[in-house]
1. What tally of residues in the stretch A:15-44 results from selecting those that are of a type in the set (Phe, Trp, Tyr) and either assigned to a loop (DSSP other than H, G, I, E, B) or at pLDDT below 95 (or both)?
2. What's the number of the only condition in (1) in contact with a strand residue (DSSP E or B) (Cβ under 6 Å, 6 or more places away or on another chain); (2) assigned to a loop (DSSP other than H, G, I, E, B); (3) surrounded by fewer than 16 Cβ atoms within 10 Å (Cβ to Cβ) that A:Thr201 fails to meet?
3. Check whether at least one residue in the stretch A:123-130 is of a type in the set (A, V, I, L, M, F, W, C), more than 14 Å from every other protein chain (Cβ to nearest Cβ) and either under 28 Å from A:Gly13 (Cβ atoms) or not in a strand (DSSP E or B) (or both), and report yes or no.
4. Quick check on B:Asp288: is it assigned to a helix (DSSP H, G or I), farther than 20 Å from B:Gln38 by Cβ, out of contact with any Pro (no Cβ under 7 Å at 6 or more places or on another chain) and acidic (Asp, Glu)?
5. Taking into account only those residues within the stretch A:45-64 that are more than 7 Å from every other protein chain (Cβ to nearest Cβ) and part of a helix (DSSP H, G or I), which is surrounded by the most Cβ atoms within 10 Å (Cβ to Cβ)?
6. State yes or no: is B:Gly37 farther than 26 Å from B:Phe138 by Cβ, surrounded by 24 or more Cβ atoms within 10 Å (Cβ to Cβ), in the same structural domain as B:Gly289 (by TED's automatic domain parsing) and under 17 Å from the mean Cα position of the chain (by Cα)?
7. Within the stretch A:116-125, identify whether any single residue is under 25 Å from A:Tyr48 (Cα atoms), aliphatic (A, V, I, L, M) and surrounded by 22 or more Cβ atoms within 10 Å (Cβ to Cβ), and answer yes or no.
8. In this structure, does B:His252 turn out to be more than 9 Å from chain A (Cβ to nearest Cβ), closer than 30 Å to B:Cys131 by Cα, in contact with a helix residue (DSSP H, G or I) (Cβ under 9 Å, 6 or more places away or on another chain) and modelled with pLDDT under 95?
Protein chains: 2
Amino acid sequence: MYDTIIIGAGPAGLSAAIYTSRGQLDTLVIEKGPSGGQIAMTELVENYPGFPDGDSGPNLAEAFQKQAEKFGAKVVNGTVKEIRKNGNGFIVVMDKEELETRSIICAMGADPRKLNVPGEEKNVGTGVSYCATCDGFFFRGKDVIVAGGGDAAVEEGIFLTRFANTVTIVHRRDELRATKILQQRAFDNKKIKFIWDTVITEIVSNGAIKHVILKNVKTGELREHPIHGVFIFVGHIPNTKLVKNLLELDEHDLIQVDLSMRTSVPGIFACGDCRSAAARQMVSSAGDGATAAISAIKYVDAQKAEEADKTVRA
Amino acid sequence: MYDTIIIGAGPAGLSAAIYTSRGQLDTLVIEKGPSGGQIAMTELVENYPGFPDGDSGPNLAEAFQKQAEKFGAKVVNGTVKEIRKNGNGFIVVMDKEELETRSIICAMGADPRKLNVPGEEKNVGTGVSYCATCDGFFFRGKDVIVAGGGDAAVEEGIFLTRFANTVTIVHRRDELRATKILQQRAFDNKKIKFIWDTVITEIVSNGAIKHVILKNVKTGELREHPIHGVFIFVGHIPNTKLVKNLLELDEHDLIQVDLSMRTSVPGIFACGDCRSAAARQMVSSAGDGATAAISAIKYVDAQKAEEADKTVRA
């Protein structure tokens, strides 16, 4: 039986593993893809504190994992199929085995929803971005295009005007879904332009992004639009299907937590992008991970003491 | 007028400054002591993710500050005397000047309460500790003494049994203040011993800690007690006096926040050890700082848009 199983080896999960393993919890981390989560696909991380010259996402992910393993955490590849309650603990169902654990730390992250157009995937990190806070700084004095029409698209579009020369918001409808006050702010901002009834059908690059191909959904007309960067804010898909029948989720399917990262089920903790109201930054996820780990250690300590007590009385 | 003034240059404040300055907020950080806060006094930080071999507290603090300054944050030494509301913004009163700002990020930290006995201060980081999560790992197979009798002392004492050979809890009274269930857990733990009605009056070292001098408060008797490490859990003093009439605090005088690090006053944010329910770790403070910064940027953006709107209509 493990003391804790951490699902996901992004910054949140690996930071949690550093803390649980250093705190002597028998710790297993299960990751379905490459270690690092979204960070693994980021060329330059400039805003993780402690690295004034920045570092690459894969380098940082490797350092996190090395640190967790140094303290005894085991990191494995695999897919969790199901989580079941089992007395005071839980059973984590994998492809070919079932694992027992006293506690679970959910760190499954969320994936930005993609446009799924040609040229999108290969330009992630070199002109296509899903995070203005992360990448806006790289587009000082440049022209960028934003896909989306909800709160995130408009809010991040306004944020991007701090850096970019122009921000063009492309939306498939003829009005925004964003709240009125945000809309007004965007309309009042001289750097922001709108293209309505339009979608991006292709991102064309040649080392750097050259242009996007825009399609008017009403007329079907296609045209080239020269641009330096493409920011896509069409939602996030939290990886929380696994726990939707077990834990309380918010209206965005994110796991509800308190300030100590405890979920609605004692013994299950959540951290990083899969939890409600996350800041979606590497360092905030790592911070969450440490907090969740400390809560898990307290929980496991209490549970072991309770069991010892029962054994004595029995 | 500043966009944001950050009070405190520990991990929370400097991380916030990296984010606000990179987000183009005109940012001032005010610190009354050396940069780094509690971290500045820590010889080896093993659990800040990204540094598998650990690093010294001062090194990490310097890296944080360099990164914030690289993006344009200004870090100054000084003491904030008072914070006043000023229309939509705030006035931060310093010794010799008054500064205007649109927003404030509180990152003033908390100080562990000290015993104030000879030998305590000079052995911090080399045998005297106020944090079991941080330093317990360094005492594997050793004998440690814990000062205190509240929840923290007992909980951390139990945690230390993961590493230490024996944990002796020294308490000035003849019973613990800790909750009953924690007390029972400590009494049931074979590694934990108690010395009642006793205080530590001196910590004697010679490179490493040699022994403490214990005084029975009822008989006045003094005796030497050989030990490897001294953990002191007699409370924390949050540095929140400055805001106690302005913000809602919890029962421990910590600043109440939501998951986005917003306080009870719009435009004031809080992060790190001065906020309620903090995990009191370097990475959790840094994570909080990023979260507070992102909330501050949204707030300042909204405020500027509102003002621009008023100007247009006027």
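The values are calculated or read from the model by the stated rules, or taken from the named source; none is laboratory data. No experiment lies behind these values; they were computed from the predicted model shown. Here the Cβ is made from the backbone with ideal geometry for all residues, glycine too, and neighbour counts use every protein chain on show.
1. 0
2. (2)
3. There is at least one residue in the stretch A:123-130 that is of a type in the set (A, V, I, L, M, F, W, C), more than 14 Å from every other protein chain (Cβ to nearest Cβ) and either under 28 Å from A:Gly13 (Cβ atoms) or not in a strand (DSSP E or B) (or both).
4. The answer is no for B:Asp288.
5. Residue satisfying both the conditions and the ranking: A:Ala61.
6. no
7. no
8. no
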